[in-house]
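Every number in this text was worked out from the coordinates using simple rules, so none of it is lab data. Note that the coordinates shown come from a computational prediction; the quantities given were computed from them, not determined experimentally. FYI the Cβ positions are ideal-geometry reconstructions off the backbone, even for glycines, and counts take in every protein chain you see.
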Amino acid sequence: MQKQRLEEVCQLGERADELLIRGQARDALKKFQEIVTTLEKTGDLDSYVAARVTLSVLRCHLKLGDFKGAFGVWNASLEDSLYGVGIYALESAQTTVKDMIAYDMICAFLHTLADHEKNEAAAAVNQYLSRVCEYAVEAGDRTTMRLALNNWKQHLREVFGGTIPLEFAKTLIAFEKDFAEPVKPQPIEFPLPTSWEKPNDFREMSRVAEMRDREALKKTNGKNKKSKAS
């Protein structure tokens, strides 16, 4: 993506995120969907932009309580839509650290709603939020730490329907002890969106466009083989 076009898209993303921060999640979602439609039509792919817009669309769906929509984005594959590219980019660290922290927190939440066995869901929650808390400790980011600990407690209570088995609470207890500050129950929240400006030292290593083309080709070849066999 050319620099001028990248800056234009980032400005549109910033304005849509402002709507989301002001509580206008439905209006924000519409703006993000317009960005996605335009990018898909032009085929102008950029892993950073794909990660950012996908993360913001996830935020919008969660804010609206549209969990089905959030799962649709989260489970998108590379050949399905730009969201599949965005998920691949998020999981390949093709964005900022703060975006990855927000994504980990969203993943932890979605695992509490997914059709998982309790222990499996709890293990996923612990994995994601341990990573978030490790970052918060290293960065001295007490705001993120407080958010993560609050969400973590509520997620595990949701998974187990009340009392959390000690084996699944140990890591949470250790982080909360180190935090040395009471974390009172609050509504589940995620870190606020950050600036869309692409870091100067960013290196696009995921080759999302090539990956998407490769997956689409595999899918097409698979269909051709089936038609020939029939």
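When only residues in region 8-43 that are charged (D, E, K, R) and farther than 20 Å from Val85 by Cβ count, which is surrounded by the fewest Cβ atoms within 10 Å (Cβ to Cβ)? Write out each step before concluding.
Let us first name the residues in region 8-43 that are charged (D, E, K, R), namely 8, 14-15, 17-18, 22, 26-27, 30-31, 34, 40-41.
Restricting the remaining residues to those that are farther than 20 Å from Val85 by Cβ gives 14-15, 18, 22, 26-27, 30.
Working: Glu14: 14, Arg15: 12, Glu18: 13, Arg22: 10, Arg26: 13, Asp27: 14, Lys30: 13.
Filtering region 8-43 for residues that are charged (D, E, K, R) and farther than 20 Å from Val85 by Cβ, the one surrounded by the fewest Cβ atoms within 10 Å (Cβ to Cβ) comes out as Arg22.
Looking at (1) part of a helix (DSSP H, G or I); (2) within 17 Å of the chain's Cα centre (by Cα); (3) surrounded by fewer than 18 Cβ atoms within 10 Å (Cβ to Cβ), which is the only condition Ala93 fails?
The number of the failed condition is (1).
Could you check region 115-181 for helices (runs of 4 or more DSSP H) lying wholly inside it with 1 or more residues that are touching an Asp or Glu at 6+ places or on another chain (Cβ under 6 Å) and not charged (D, E, K, R)? Talk me through it step by step, then tell me what you get.
Numbers: elements: 118-139, 142-160, 166-179.
Because the criterion is at least 1 residues that are touching an Asp or Glu at 6+ places or on another chain (Cβ under 6 Å) and not charged (D, E, K, R), the helices (runs of 4 or more DSSP H) in region 115-181 that meet it are 118-139, 142-160.
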